[in-house]
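The structure appears right after this line, and notes come after that.
The values are calculated or read from the model by the stated rules, or taken from the named source; none is laboratory data. All figures in this text were calculated on a predicted structure; none of them were measured in a lab. Every residue, glycine among them, receives a Cβ derived from its backbone with ideal geometry; neighbour counts consider all protein chains shown. Keep in mind that these areas ignore ligands, DNA and RNA; they rest on the heavy atoms of the full protein, side chains included. Shrake-Rupley method; radii C 1.70, N 1.55, O 1.52, S 1.80 Å.
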Amino acid sequence: MEQINKTYTITPGKNLFDLKLNEIWYHRDLFALFIKRDITVTYKQTVLGPLWFVIQPLLTTLMFLLVFGRIAGIPTDGVPPVLFYLGGITIWNYFSECLRLTSDTFVKNSGLFGKIYFPRIITPLSVVSSNLIKFGIQFVLFLCVFFYYYFNSAQIHPNITLFCLPLYIIILAIMALGFGLIISAMTTKYRDLTFLIQFGIQLWMYITPVIYPISQIPMKYRWVVMANPVSSIVESFKYGFTGAGNFYLSSIIYSGLFSIVLFFISLAIFNRTERTFMDTV
Amino acid sequence: MSVVIKIENLSKQYRLGLVGTGTLSHDLRRWWHLVRGKEDPYLRIGEVNDRSTKGTSDYIWALKDINIEVNRGEVLGIIGKNGAGKSTLLKILSKITAPTTGSITYNGRIGSLLEAGTGFHSELTGRENVFLNGAILGMRKREIYNKFDEIVDFSGCERYIDTPVKRYSSGMIVRLGFAVAAFLEPEILVVDEVLAVGDAEFQKKAIGKMQKVSRTEGRTVLFVSHNMTSIQALCTKAIYLKDGTIGGLISVKEAVDLYFNANWQNIGHFKKEKLKTNLPAEIIEARLLNENGDTSDSFFIYEKILIEITWMNRQGVNVNPNFMLLNRQGITVMVAVDTPIDWYGDKKNKKGTYISRATIPGNLLNANDYSIHISLDSGSPRICYESNLDVFRFKIIDSMDEKNMARGNFSSVVEDAVLWPALEWNYTFLEA
């Protein structure tokens, strides 16, 4: 057994930026088991099981196609609408699901956290990781649709920026985790945020180029969309596969820096909350 | 012996009431003081934590200036009334919540067991949950894997191990949960009253396991319980928490005494709020007293118990106060009527108020929980004027103290016996 005869102290003091990497490393099995639990438990006692991962984005795409494509008539930069919407939904879903599920970390797990200590950060980390698997399945669906159009239409031009794809995912994961941690820390005391988060995520989607390309936004308001750190990721994701839209390295750097700064702020808040949240939750 | 845990000036403050409008302003004020480098203004206030009285401050000290040193291999019992701060102390030790001031220094890993089956997921099977729960408690996967058979064997749930936990009975969940925890191997084990669950056979097993952990494996155990029998069976030292403070490290016997003596106020005392006035005879008040004349609801097995009944004869009828004693199993252990053996001359038929007293001798009743029914009857023909069921509940505790007791040096507990009287024994030696 490790860690015998090591001396520890428990004090009220706080080391806010402590990542507790060795503690997390020690609990790596727990991390893996949490991911396994999240995945096996989600679709227990459902008939269609993991098929729901696929059905949900397909139906949403269909809905967007109908409402925004046909009724509102918003153009999609010459990209086949199905591909355009599905791409937006796939990448946006990963962000929104991570955010939604990490934002109630403390409240949802208060029963567990109130009885035993382990580095709390493991819980949101495992959520972000298990969502990666869900994202993977949806991404495969997207790829199928992508190749269908690629071999049937000359309209799309996948390009070199696709190599940045892992970076997009990492940035989104860190950003979702950052926002999620801050909200979860604040909801331990002020439950108002649980109401906010539900429609907040919905509203957020509308200032992100999920259902429209940035080129459709009038210059005057474009800064609003560009200030949103998720925008450039979603836009660049689509650009990588279709060649339509914009790709600015500077926006990606902006999103990357934003997520890192956010992550450290959220970590400090999370660490601070973790110490006493049982008293206020 | 080396010191394994050192707790210094440990305090924990809580804010009472709801999180509401006042919270934000207090938070802001606290933050403002912090920015200016001043002390938190709310740390200076706060009252002792007495649950039963109404205080003036919103802030209370759940723990105040706790100082303890625990040696290796020691089993420390933590005793106290509800709300005395036991769980808060365990929570701070388990790092679930941070102290407000003070520090704890410890050597090795702390494993805490505040609940059996923490983090069990009802959809997962027993097997999956053993791994998940073990990992939550801080075990590595390999460790759990190596001990898996032993864990399942200890829990006695082998047949159900591949069934989702939601199909388990609540007792089985607890068994499985405790079994995982029992194979945890930290240097310091923190245990809350988890032993209070499960059936008798399993409790025995659990206590045995804890004894083994502390005595043969030399681990340090901190154990909170309201069950004085398990405290006495397990612990080597104890602390008694009262309103968030302790008197220091004391012997188990002293702590148990303190625990029972603390319950003296308002217990073992029955008083009618409103008299019925239409009864020919009526009970006004009744008390249960110990040898010192204090009301009490718990007695050591060797103590005398005095029952005092204040009653009124309103119409000059013939009255015999009497009581009946039932044990936890519902067995009527005895009936006692206030009639002397030479009852002929004794007629309490004058109008007025009387106090009747009876003494149950020490070393007569076995350790158990008891309930008393008090009645006023006439002798013959029998008319019941008043009957009060379940007036008092009290406990008789086996102190396991060899000297004063009928048990002498007889070491096991005989739970089934109704009585454990100190009889007069003598013997004759026949031949060598």
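Odds and ends about this structure:
- Accessible surface of chain B, 1.4 Å probe, proportion on carbon and sulfur as whole %: 51 percent
- 3J(HN,Hα) couplings calculated from phi for the stretch B:352-357 with the Karplus curve 6.51 cos²θ - 1.76 cosθ + 1.60 (θ = phi - 60°) are, in sequence order, x, 9, 10, 10, 10, 10 Hz; Gly and Pro show x.
- Measuring spread by the Cα atoms of the stretch A:114-193 yields a radius of gyration and Dmax of 18.3, 59 Å.
- When you restrict to C-alpha pairs under 8 Å that are six or more residues apart and normalise by the size of the stretch B:372-411, the relative contact order lands at 32 percent.
- Stretched out straight at 0.36 nm per residue, the stretch from A:LEU51 to A:LEU112 would grow longer than its current Cα-Cα span by 18.9 nm.
- Estimated translational D of the stretch B:3-259 in µm²/s (Stokes, Kirkwood radius over Cα pairs; 25 °C; 0.890 mPa s): 124 µm²/s
- Span-like helix ranges in chain B, DSSP H, alpha carbon extent 20 angstrom or more, Kyte mean at least 1.0: none
- Ordering B:VAL319, B:LEU258, B:GLY208 by Cα displacement along the dipole of chain B toward the positive end leaves B:LEU258 in first place; charges were set at the Cβ atoms of Lys, Arg (+1) and Asp, Glu (-1).
- What you get for the protein assembly as shown, charging only the Cβ of Lys and Arg (+1) and of Asp and Glu (-1), is a dipole of about 1840 debye around the Cα centre.
- Between B:ALA281 and B:ARG314, the built amide H atoms are under 5 Å apart, and every one of these is 5 or more places off in sequence or on another chain.
- Kirkwood-Stokes translational diffusion coefficient of the stretch A:1-132, alpha-carbon pairs, 25 °C, 0.890 mPa s, µm²/s: 133 µm²/s
- Summarising the label geometry, the points placed 7 Å from Cα in the beta-carbon direction at B:TYR145 and B:THR216 lie 2.7 nm from one another.
- Summed buried accessible surface, chains B and A, 1.4 Å probe, nearest 100 Å²: 3900 Å²
- Pairwise Cα distances in the stretch B:269-397 exceed 22 Å in 35 percent of cases.
- Working from the Cα coordinates of the protein assembly as shown, the gyration tensor eigenvalues give, after taking √(5λ), semi-axes of 66, 29, 26 Å in decreasing order.
- Base-10 log of normalised Debye intensity for the stretch A:80-132 (one unit scatterer per alpha-carbon) at q = 0.15, 0.17, 0.19, 0.31 Å⁻¹: -0.51, -0.60, -0.68, -1.14
- DSSP beta bridges confined to the stretch B:3-259 are antiparallel in about 50 percent of cases.
- Pairs of Cα atoms nearer than 8 Å and 6+ residues apart set the relative contact order; for chain A it is 28 percent.
- Evaluated over the Cα positions of chain B, the convex hull gives a direction-averaged projected area, one quarter of its surface, of 32.4 nm².
- Positive-end extreme of charge dipole, the stretch B:269-397 - chosen from B:SER296, B:LEU364, B:ILE397 (charges on Cβ): B:SER296
- Expressed as a whole percent, the proportion of Cα-Cα pairs in the stretch A:150-193 lying more than 14 Å apart is 68%.
- Estimated from the Cβ-Cβ distance and a Förster radius of 30 angstrom, the FRET efficiency linking B:LEU389 and B:ASP58 is about 0.10.
- Counting only DSSP beta bridges whose two residues both lie in the protein assembly as shown, roughly 75 percent are antiparallel.
- The simple Förster model, with R0 at 30 Å and r as the Cβ-Cβ distance, assigns B:GLU185 and B:LEU249 a FRET efficiency of 0.70.
- Rounded to the nearest 5, the antiparallel percentage of DSSP beta bridges internal to chain B is 75%.
- Pairs of Cα atoms nearer than 8 Å and 6+ residues apart set the relative contact order; for the stretch B:269-397 it is 29 percent.
- For peptide B:91-103, the mean count of partner chain Cβ atoms within 10 Å of a residue's Cβ comes to 6.
- Unit charges on C-beta of K, R, D, E only; dipole of chain A, Debye: 360 debye
- For A:THR7, A:THR194, the ranking by accessible surface with the largest value first comes to A:THR7, A:THR194, using a 1.4 Å probe.
- 10 °C / 1.306 mPa s Stokes-Einstein diffusion coefficient of the stretch B:75-203, Kirkwood radius on C-alpha pairs, µm²/s: 102 µm²/s
- Taking 7 Å steps out from each Cα toward its Cβ at A:GLN202 and B:LYS204 produces label points 6.1 nm apart.
- Solvent-accessible area per residue in the protein assembly as shown equals 50 Å², computed with a 1.4 angstrom probe and all protein chains kept.
- All C-alpha pair distances within chain A, sorted into 5 Å bins from zero, spread as 1, 5, 11, 15, 17, 15, 13, 9, 6, 4, 2, 1, 1, 0 percent across the bins.
- The mean number of Cβ atoms from other chains found within 10 Å of a Cβ in peptide A:43-54 is 1, as a whole number.
- For the segment A:27-34, counting C-beta atoms of other chains within 10 Å of every residue's C-beta and taking the mean gives 6.
- Given A:LYS36/B:LYS81; B:LYS242/B:LYS274; B:LYS147/B:LYS242; A:LYS36/A:LYS115; A:LYS44/A:LYS108; A:LYS108/B:LYS212, the pairs whose alpha carbons are separated by over 31 Å: A:LYS36/B:LYS81; B:LYS242/B:LYS274; B:LYS147/B:LYS242; A:LYS108/B:LYS212
- Residues A:TYR248 and A:LEU21, FRET efficiency given R0 of 60 Å [Cβ-Cβ distance, rounded to 0.05]: 0.95
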